[in-house]
Amino acid sequence: MTYKIASWNVNSIKARLDHARAWLESESPDVLFLQELKGEICPDISPDYTLNFVGQKAYNGVAILTKGAAQMVLDHLPEDDLDTQARYLEVDWRGVRLINIYLPNGNPIDTDKFSYKIKWMKRLLNRISELRAGAVPFLIGGDFNVIPDEKDCYDPAAWAGDALFSPEARGLFRAMIHQGLVDAYRVIDHQAGAYTFWDYQAGAWPRNNGIRIDHFLLSPLLADRLVTVRIDKTPRGWDQPSDHTPIIIEISDE
DNA sequence: ATGGTTGGAAGCCAA
């Protein structure tokens, strides 16, 4: 038996409610992470799932849908009590710590948005360090807003100077790997040209001008249990789609 | 292509 765990930035759950429901119906994952809810409340998406979420007006917002109960652990990233952006959710589910993130975009690079991104990533690293010191297997999934490598974007030169491809953000992503976490997609599939996001503008989708910024990072115990990983490009081709598409992993249930 | 598109808000901002 395996657990199927998916992540999808829906760019407004209100605008994408039908898509979310249709995709849940067809894929029936055990867990679904959603990002960019863009509202204070999250509508009831499916009676088959337990819903945990943290939201705010207009921006951000993350949800974790689970088959069966999940226990809320944290609804914000520790260290900054003044940070009110809804970007982090941590729950326990069937012996696994599930962490859903919507990591700050950070553009433009010469503003406080970028420094906020970098500080947020350092706080996440500290949280990873705490979790690594513990015994609970954990995974971090979501929209990282980081292009890890040149092969994760269609044209590296076009992304030079962008916060998603900045040396600082890529370095901090590597620091997570150095803490022992495994980029699930790179374990199974080493091909270039596999993306999770295509801009709405300039025909990025039909030209496949995408980037891989939605990830699952697995703690060592979970990395050993990884069975498959794939990106489902189908929903990006639907009418009035999100600019992101789901990434799905399967892990053995022990 | 110093453009282009989308969503939520409110008469622009974030992505």
Query raised in the report: Just checking, which of A:Gly39, A:Gly61 is within 17 Å of the chain's Cα centre (by Cα) and either within 13 Å of DNA strand B (Cβ to nearest atom) or modelled with pLDDT under 95 (or both)?
Result: A:Gly61
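Conditions (1) closer than 19 Å to A:Ile13 by Cβ; (2) in contact with a Cys (Cβ under 8 Å, 6 or more places away or on another chain); (3) in a loop (DSSP other than H, G, I, E, B), marked per residue:
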site: A:Gly39; (1), (2), (3): yes, no, yes
site: A:Ile45; (1), (2), (3): yes, no, yes
site: A:Phe53; (1), (2), (3): yes, yes, no
site: A:Glu79; (1), (2), (3): no, no, yes
site: A:Ile101; (1), (2), (3): yes, no, no
site: A:Lys122; (1), (2), (3): no, no, no
site: A:Ser129; (1), (2), (3): no, no, no
Report task. Give the residues of region A:144-163 that are within 15 Å of DNA strand B (Cβ to nearest atom) and touching a helix residue (DSSP H, G or I) at 6+ places or on another chain (Cβ under 6 Å), sorted by residue number. Result -> A:Asn145, A:Val146, A:Ile147, A:Cys153, A:Pro156, A:Trp159, A:Ala163
Report summary line: Counting only residues that are without any contact (Cβ under 8 Å) to a residue 40 or more places away in the chain and within 19 Å of A:Leu103 (Cα to Cα), region A:182-219 contains a total of 1
Query raised in the report: Say we look at region A:237-254 and pick out the residues that are over 16 Å from the mean Cα position of the chain (by Cα) and modelled with pLDDT of 95 or more; which of these is nearest to DNA strand B (Cβ to nearest atom)?
Result: A:Gln240
**Report entry** Given (1) within 11 Å of DNA strand B (Cβ to nearest atom); (2) among the aromatic types (Phe, Trp, Tyr); (3) buried (at least 18 other Cβ atoms within 10 Å of the Cβ), number of the condition A:Trp93 does not satisfy
**Finding:** (1)
Query raised in the report: Can you pull out the residues in region A:184-205 that are within 12 Å of DNA strand B (Cβ to nearest atom) and either small (Gly, Ala, Ser) or surrounded by fewer than 14 Cβ atoms within 10 Å (Cβ to Cβ) (or both)?
Result: A:Asp199, A:Tyr200, A:Gln201, A:Ala202, A:Gly203, A:Ala204
Requested in this report: Please specify each residue of region A:106-124 satisfying the condition of being of a type in the set (Gly, Ala, Ser) and farther than 11 Å from A:Ser166 by Cα.
Outcome: A:Ser115
Query raised in the report: Restricted to region A:153-179, and to residues that are among the small types (Gly, Ala, Ser) and part of a helix (DSSP H, G or I), which residue is surrounded by the fewest Cβ atoms within 10 Å (Cβ to Cβ)?
Result: A:Ala157
Query raised in the report: Conditions: (1) under 19 Å from A:Ile177 (Cβ atoms); (2) in contact (Cβ under 8 Å) with a residue 60 or more places away in the chain; (3) surrounded by fewer than 18 Cβ atoms within 10 Å (Cβ to Cβ). A:Leu222 meets all but one. Number of the miss?
Result: (3)
Report task. With the condition kept exactly as written, say whether any residue in region A:137-152 is more than 20 Å from A:Leu89 (Cα to Cα), among the hydrophobic types (A, V, I, L, M, F, W, C) and in a helix (DSSP H, G or I). Result -> no
Query raised in the report: Within the bounds of region A:5-14, is there any residue that is away from DNA strand B (no atom under 16 Å from the Cβ) and more than 19 Å from A:Pro241 (Cα to Cα)?
Result: yes
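The values are calculated or read from the model by the stated rules, or taken from the named source; none is laboratory data. Since this is a predicted model, take the numbers as computed values, not measurements. Here Cβ is always computed from backbone atoms with ideal geometry, including for glycine, and neighbour counts include all displayed protein chains.
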